[in-house]
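As structure tokens, the structure follows; a few thoughts come after it.
Read-outs throughout are calculated quantities, based only on the coordinates presented, and are distinct from any laboratory measurement. These figures come from a predicted structure and were not determined experimentally. Because the Cβ atoms are built from the backbone with ideal geometry, glycine has one as well, and the counts that use them run over all protein chains shown.
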Amino acid sequence: MEKRDARKISSEAQYELRCRCLRMLRQGMKQVEVASILEVSRTSVVRWWRNYRQEGMNGLKQKTRGRRHGQKRRLDREQERSIQRMLVDKTPDQLKLPFALWTRKAVQEAIAQHYYVKLPIRTVGEYLHRWGFTPQKPVKKSYEQQPERVSGLTRSIPV
């Protein structure tokens, strides 16, 4: 018998599946029968029944999964704000870093220099993305350029 992968259905459908399981068990059906009819594993049926007995209907609701927001970050909020201000207000050469522009490597070294925290380059990229900094190519334009004078020099030459 093919088992249903409940992770691929919505949380509302999962809750309904658990409620159907509970109704069947209350009617006196065996756990193995319920698992077979609903196409789920017997251990899931046992777990849902146990959660129901311990917590009531709240035990059947889906819990939030994964880490909590902000958990396991290497930099705290104040450090993050300080680095963001630094990226906007200063250039790497002002901080005595060997870079002309802010790159992930430059930000990585600035963090290590100011907070003694060594972050992988990918993590630095994730922080920059989270802060809303996007990779951009610098405009290549000379400061001494004078387009008015250049436009007067270009004339069509009769052939």
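Taking GluC sites (Glu not before Pro) as exposed when DSSP calls them loop (any state but H, G, I, E, B) and at most 15 other Cβ atoms lie within 10 Å, what is the longest stretch of the chain free of them, the sites themselves excluded?
Between exposed loop sites, the widest span is 40-143.
With a ≥ b ≥ c taken as the square roots of the eigenvalues of the C-alpha gyration tensor of the range 6-60, please select rounded if a/c is under 1.5 and otherwise prolate if a/b is larger than b/c or oblate if it is not?
Oblate.
With a ≥ b ≥ c taken as the square roots of the eigenvalues of the C-alpha gyration tensor of the range 77-131, please select rounded if a/c is under 1.5 and otherwise prolate if a/b is larger than b/c or oblate if it is not?
Judged from the Cα gyration tensor, the range 77-131 comes out rounded (a/c under 1.5).
Which loop trypsin sites (Lys or Arg not before Pro) in the range 52-90, with loop taken from DSSP, have no more than 10 other Cβ atoms within 10 angstrom of their Cβ?
Passing sites in the range 52-90 are Lys63, Arg65, Arg67, Arg68, Lys72.
What ranking, highest mean first, results for peptides 129-135, 99-105 when packing means the other Cβ atoms within 10 Å averaged over each residue?
99-105, 129-135
State, as an integer percentage, the relative contact order of the range 77-131 based on alpha-carbon contacts under 8 Å between residues 6 or more apart.
Rounded, it is 24 percent for the range 77-131.
Taking the Cβ of each residue in Arg50, Arg7, Arg18 as the centre, tally the other Cβ atoms inside 10 Å and list the residues starting with the fewest.
Listing Arg50, Arg7, Arg18 from fewest to most nearby Cβ atoms yields Arg7, Arg50, Arg18.
Give me the Kirkwood hydrodynamic radius of the range 1-141, using the inverse of the mean 1/r over all pairs of distinct Cα atoms, in Å to one decimal.
Every distinct Cα pair counted, the radius reaches 19.6 Å.
Among Val88, Thr64, Gln108, which residue has its Cα furthest toward the positive end of the charge dipole of the chain, with +1 on Lys/Arg Cβ and -1 on Asp/Glu Cβ?
Of Val88, Thr64, Gln108, it is Thr64.
Mind checking the dipole of the chain: about its Cα centre, +1 per Lys or Arg Cβ, -1 per Asp or Glu Cβ, Debye to the nearest 20?
Result for the chain is approximately 660 debye, rounded to the nearest 20.
So, in the range 1-127, how many Lys pairs have Cα atoms under 17 Å apart, if the pair is 8 or more places apart or on different chains?
Taking the Cα cut-off of 17 Å, the pair count is 6.
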